[in-house]
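Trainee: One structure, as C-alpha cells, below. Some questions next.
The values are calculated or read from the model by the stated rules, or taken from the named source; none is laboratory data. Note that the structure is a prediction, hence the values are computed from the model and not measured. For neighbour counting, all protein chains shown are included, and Cβ atoms are generated from backbone atoms with ideal geometry for every residue, glycine included. Ligands, DNA and RNA are excluded from the accessible area calculation, which covers all protein heavy atoms including side chains. Shrake-Rupley method; radii C 1.70, N 1.55, O 1.52, S 1.80 Å.
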Amino acid sequence: MKSNNTVLVALFAALIVVLSLMPPIPMPGIPVPITLQTLGVMLAGAMLGPVRGALACLLYLALAAIGLPVLPGGRGGLGAFFGPTGGFLVGMVAGAFVTGWLARRLAVRGSGTWKGLAGYVAACVVGGIAVVYAFGVPWLSAVTKMGMAKAAGAVVVFLPGDLIKAVVAAWVASRVERVWPMLGR
C-alpha cells in the first residue's frame, strides 16, 4: 500500500474515533445507543472507495479490540464485540466497502449535479445503513434473545438520524470530490 493510502486510511480511522467519542445517546428499551459512528463509515466508504474505506473501519475496530477506549462511551476491548452492538461494529467494515463500491458506480464524478449527490446518498443509505443493519440486527436479536422482528422494530428509531447522516456524508463527499478528486481513486 502506498504511503498516501496508509495516511488516508489512518486519517479516516481517526475521524471515526472522533465521531465515536461524541457522547452516545441511550435509547429506552434497546441496548444500542445513538452514535455518529455510521457517519464515519459512510464518509470513509464514499470518499476513500471500497478497499480503503473498509480498511479504515477495520483499523478502527482493531484499535477497539486491543482495548483502546475508542468506542462510544469510552469503551474498548474484545467484550464490545460480543455484546449487543457487536454486529453493528462488524457490519461497519462491510458497510464502508459497499458504500465505496456503490459510490464509484452511482455518483457522477466532478459534475456537482443533483444526480451525483443522489448517487452518493443512495450509496450511503445502502452501505452505511442497510448493510450495517443487516449485520447488527441479527446479532442484536441473538445476544438479547428478543427475536428478529422485535430487534428490527427496535432499530427503526435509528432510521431518521441515519438518513440525515447519509445526506450529510453524501454532501460532504460530493463537495470534497470536486476539489480533491484523488480521494476517489
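Trainee: Search the stretch 113-140 for residues being surrounded by fewer than 23 Cβ atoms within 10 Å (Cβ to Cβ) and at pLDDT below 95, and hand back the single one that is farthest from Gly79 (Cα to Cα).
Mentor: Here the answer is Thr113.
Trainee: Of the residues that sit in the stretch 153-163 and are free of Cβ contacts under 8 Å to residues at least 40 places away in the same chain and within 18 Å of Thr35 (Cβ to Cβ), which one is least open to solvent (accessible area, probe 1.4 Å)? Can you show your working first?
Mentor: To start, the set of residues in the stretch 153-163 that are free of Cβ contacts under 8 Å to residues at least 40 places away in the same chain comprises 153, 156, 159-160, 163.
Remaining after also requiring within 18 Å of Thr35 (Cβ to Cβ): 156, 159-160, 163.
Numbers: Val156: 78, Leu159: 61, Pro160: 80, Leu163: 84 Å².
By that ranking, first place goes to Leu159.
Trainee: Kindly establish whether Tyr133 is within 22 Å of Thr85 (Cβ to Cβ) and of a type in the set (Ser, Thr, Tyr).
Mentor: Numbers: within 22 Å of Thr85 (Cβ to Cβ): yes; of a type in the set (Ser, Thr, Tyr): yes.
Considered against the rule, which asks whether it is within 22 Å of Thr85 (Cβ to Cβ) and of a type in the set (Ser, Thr, Tyr), Tyr133 comes out as yes.
Trainee: Inside the stretch 24-39, can you point out the residues that are without any contact (Cβ under 8 Å) to a residue 40 or more places away in the chain and either of a type in the set (S, T, N, Q) or surrounded by 24 or more Cβ atoms within 10 Å (Cβ to Cβ) (or both)?
Mentor: Within the stretch 24-39, the subset without any contact (Cβ under 8 Å) to a residue 40 or more places away in the chain is 25-26, 28, 35.
Of everything in the stretch 24-39, just one residue is without any contact (Cβ under 8 Å) to a residue 40 or more places away in the chain and either of a type in the set (S, T, N, Q) or surrounded by 24 or more Cβ atoms within 10 Å (Cβ to Cβ) (or both), namely Thr35.
Trainee: Is at least one residue of the stretch 58-75 surrounded by fewer than 23 Cβ atoms within 10 Å (Cβ to Cβ) and under 12 Å from the mean Cα position of the chain (by Cα)?
Mentor: yes
Trainee: So Lys150 ticks every box in (1) open to solvent by 30 Å² or more (accessible area, probe 1.4 Å); (2) touching a residue at least 12 places away in the same chain (Cβ under 8 Å) but one. Which box is left unticked?
Mentor: Here Lys150 meets the rest and fails (2).
Trainee: Does the stretch 16-23 contain at least one residue that is closer than 25 Å to Arg178 by Cα, surrounded by fewer than 19 Cβ atoms within 10 Å (Cβ to Cβ) and touching a residue at least 24 places away in the same chain (Cβ under 8 Å)?
Mentor: no
Trainee: Has the stretch 81-89 got at least one residue that is over 22 Å from Leu43 (Cα atoms) and outside any loop (DSSP other than H, G, I, E, B)?
Mentor: The first filter runs over the stretch 81-89 and keeps only residues over 22 Å from Leu43 (Cα atoms), leaving 81-84.
Cutting the leftovers down to outside any loop (DSSP other than H, G, I, E, B) gives us 81-82.
Looking for residues that are over 22 Å from Leu43 (Cα atoms) and outside any loop (DSSP other than H, G, I, E, B), one finds at least one in the stretch 81-89, hence yes.
Conditions (1) under 17 Å from the mean Cα position of the chain (by Cα); (2) under 21 Å from Ser20 (Cβ atoms), marked per residue:
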{"position": "Phe82", "(1), (2)": "no, yes"}
{"position": "Gly86", "(1), (2)": "yes, yes"}
{"position": "Val93", "(1), (2)": "yes, yes"}
{"position": "Ala103", "(1), (2)": "yes, no"}
{"position": "Lys115", "(1), (2)": "no, no"}
{"position": "Val126", "(1), (2)": "yes, no"}
{"position": "Ser141", "(1), (2)": "no, no"}
{"position": "Gly153", "(1), (2)": "no, no"}
{"position": "Val172", "(1), (2)": "yes, yes"}
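Trainee: Does any residue in the stretch 64-75 that is within 15 Å of Val90 (Cα to Cα) and modelled with pLDDT of 95 or more come within less than 9 Å, Cβ to Cβ, of a residue that is surrounded by fewer than 16 Cβ atoms within 10 Å (Cβ to Cβ) and polar (S, T, N, Q) six or more places away or on a different chain, and which pairs are these?
Mentor: none
Trainee: Only one of these is open to solvent by less than 50 Å² (accessible area, probe 1.4 Å) and under 15 Å from the mean Cα position of the chain (by Cα): Val98, Val51. Name it. So that I can check it myself, show each step before the final result.
Mentor: Numbers: Val51 fails: open to solvent by less than 50 Å² (accessible area, probe 1.4 Å).
Just one listed residue meets the conditions, Val98.
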